[in-house]
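Rule-based calculations on the coordinates, nothing more; no lab input. Please read these numbers as outputs of a predicted model, since none were measured by experiment. Positions of Cβ are backbone-derived with ideal geometry, glycine not excepted, and every protein chain shown enters the neighbour counts.
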Amino acid sequence: MCAASVRGMRILHTSDWHLGRTFHGCDLLADQERVLSRLAALVAEHRVDVVVVSGDVFDRALPNAETVRLYDRVLAAISVAGARIVLISGNHDSAARLGSIRQFAAAGGLHLHTAVETCAEPTVLPDEYGDVAFYGLPYLEPETARVPLGVPAGGGHAGVLGAAMAAVRRDLATRAAGTRSVVLAHAFVLAGSAREADAQTSASERSLSVGGVQTAPADLFDGVDYVALGHLHGCQQPDTERPWLRYSGSPLAYSFSETRQRKSVLLAELDAGGLAAVTRIELPVPRRLAMLTGRLDDLLHAPAYTAHAEDYLQVILTDPVRPLDPMRRLHTRFPNAVAVEWRPEAGRPAERLEPTRRRRDHDDLSTAADFVEWVRNSKPTTVERALLAEALSATRVKQERAG
């Protein structure tokens, strides 16, 4: 074989599919299928050898039947396109259910890593330069994972991930010289001096912390060629000094905090010496997300907002008085508006922010009028005040008759 024809292994890194998730009540299954069907096309286009999926395949531990069928269709398309698949479970998945067909699936090219006990048992796949060992570190809940990993109580995420990676390095040391290594992990990883606030987090990510620190330091993952991380939904490199440590991010936006993120997958290429290159490939956007701010009438009629007619929208209304039935009215122009909030542009008087205590100098009618003013930032009209008085009078008569 001539040197020009030799190429290493190409790995497509994706994670956090969250199959079955809804977006403010909207079913996303069709959008998820449209985006994830692109993976098979990328496998064929870039001659990908292995697709790695770094956890949170499903959004819940018990996905419904249609969600499972979508999962099957996506994996089957990837396999037909010519790639093998290595997959781990995340904190949203049921590790036991996802990994229940592990031995049978491996025969068809789907390699499932969902058990703590098998963290140091790699899937070994060859390329022109030798073997590549894929180690799967599923989401490791500290209190349940520490016993099989031999970690004392209180070690947290850093303790169990450190123990798992130590086991990985021990196994790797027994492999043939030149064996390259890829680790899949579902965790919140930061550079040593970074804080949680420094990471590109999203509102749609479920916290990994239960009474402790949810992060782990990046240096735990030293000694391997590529680390395919899952959990954070934005594509990012958590440590600039460790280019082999990457988050691919989720394939779709699952919260308005992800509006500015460009969703993607990562193409990692290994040669004889290890990691040769990482290329970011953007994914299609089935429906854009946008946040609009303004008065309701302006949003409904100004030409400037025409471009957002089909977007998923979060709308902040700034009308000085709370508009009536705003979502129904917004849907006449923006059928995919899914969230609306009222923030009057001049703010609301501080004395009316918390009308939880009845003032001693107020009768029932004044208290009810204060509540109406607090709700909509406008005093009740004469007619409305009369209606309130009539309602209160009727209530008193009913109470007297009952008493």
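Near Val51, the amide H atoms lying under 5 Å from its own belong to Leu12, Arg84, Ile85, Val86; only residues 5 or more places off or on other chains count, and H is placed 1.01 Å from N. In order along region 79-92, the phi-based Karplus estimate (6.51 cos²θ - 1.76 cosθ + 1.60, θ = phi - 60°) of 3J(HN,Hα) comes to 5, 4, 5, x, 10, 8, 10, 10, 9, 10, 8, x, 6, 8 Hz; Gly and Pro are listed as x. Here the chain is treated with +1 on each Lys and Arg Cβ and -1 on each Asp and Glu Cβ, and its dipole about the Cα centre works out to around 680 debye.
Sparse packing (at most 13 other Cβ atoms within 10 Å of the Cβ) combined with a DSSP loop state is found for the following trypsin sites (Lys or Arg not before Pro) in region 21-115: Arg47. Each of Val160, Val315 was scored by other Cβ atoms within 10 Å of its Cβ. Listed from fewest to most, they are Val315, Val160.
Size of region 358-403: Rg and Dmax of its alpha carbons, in Å, are 11.8, 36. Among Gly109, Gly25, Gly150, the residue with the largest mean-square fluctuation in a Gaussian network model of the chain, with springs joining Cα atoms closer than 10 Å, is Gly25. If both residues of a DSSP beta bridge must be in region 71-160, then about 55% of such bridges are antiparallel. Each of Val383, Val124 was scored by other Cβ atoms within 10 Å of its Cβ. Listed from fewest to most, they are Val383, Val124.
Each DSSP beta bridge with both residues in the chain is either parallel or antiparallel, and the antiparallel ones are about 35%.
The residues packed around Ser264, meaning those with a beta-carbon under 14 Å from its beta-carbon, carry a net charge of +3 if Lys and Arg are +1 and Asp and Glu are -1.
Would you mind getting the Kirkwood hydrodynamic radius of region 252-399 from its Cα pairs, rounded to one decimal in Å? Can you show the working numbers first?
Working: mean 1/r = 0.0509 Å⁻¹.
Across region 252-399, the inverse of the average 1/r is 19.7 Å.
Once the GluC sites (Glu not before Pro) in DSSP loops with at most 12 neighbouring Cβ atoms within 10 Å are cut out of the chain, the longest remaining piece is 1-127. Electrostatic bookkeeping for Arg396 treats Lys and Arg as +1 and Asp and Glu as -1; over the other residues with beta carbon under 12 Å from its beta carbon, the sum is -2. Close amide H pairs (under 5 Å, H built 1.01 Å from N) link Asp271 with Ala276, residues at least 5 positions away or on another chain.
Charge dipole of region 287-347 (Cα centre as origin; +1 on each Lys and Arg Cβ, -1 on each Asp and Glu Cβ, all else neutral): 140 debye, rounded to the nearest 20.
Give, in nm to one decimal, the length gained when the segment between Ala307 and Arg333 is fully stretched (0.36 nm per residue of separation minus the Cα-Cα distance). Show your work: numbers first, answer last.
Working: separation 26, 0.36 × 26 = 9.36 nm, distance 1.09 nm.
Residue separation times 0.36 nm, minus the Cα-Cα distance, leaves 8.3 nm.
As a proxy for reagent exposure, ranking Ile316, Ile11, Ile78 by other Cβ atoms within 10 Å from fewest up yields Ile316, Ile11, Ile78.
For the chain, what is the relative contact order in percent, using Cα pairs closer than 8 Å and at least 6 residues apart in sequence? The value is 13 percent. Sum up the charges of everything whose Cβ sits under 10 Å from the Cβ of Arg280, counting Lys and Arg as +1 and Asp and Glu as -1, but leave Arg280 out. Summing Lys/Arg as +1 and Asp/Glu as -1 gives +1. The phi-based Karplus calculation (6.51 cos²θ - 1.76 cosθ + 1.60; θ = phi - 60°) puts the 3J(HN,Hα) values of region 284-294 at x, 10, x, 8, 6, 10, 8, 10, 10, 10, x Hz, whole numbers, x for Gly and Pro.
Kirkwood radius, region 287-347, all distinct C-alpha pairs, inverse of mean reciprocal distance: 11.4 Å.
Above 26 Å lies some portion of the pair distances; for the chain, what is it as a whole percent of all C-alpha pairs? So the portion of pairs separated by more than 26 Å is 61 percent.
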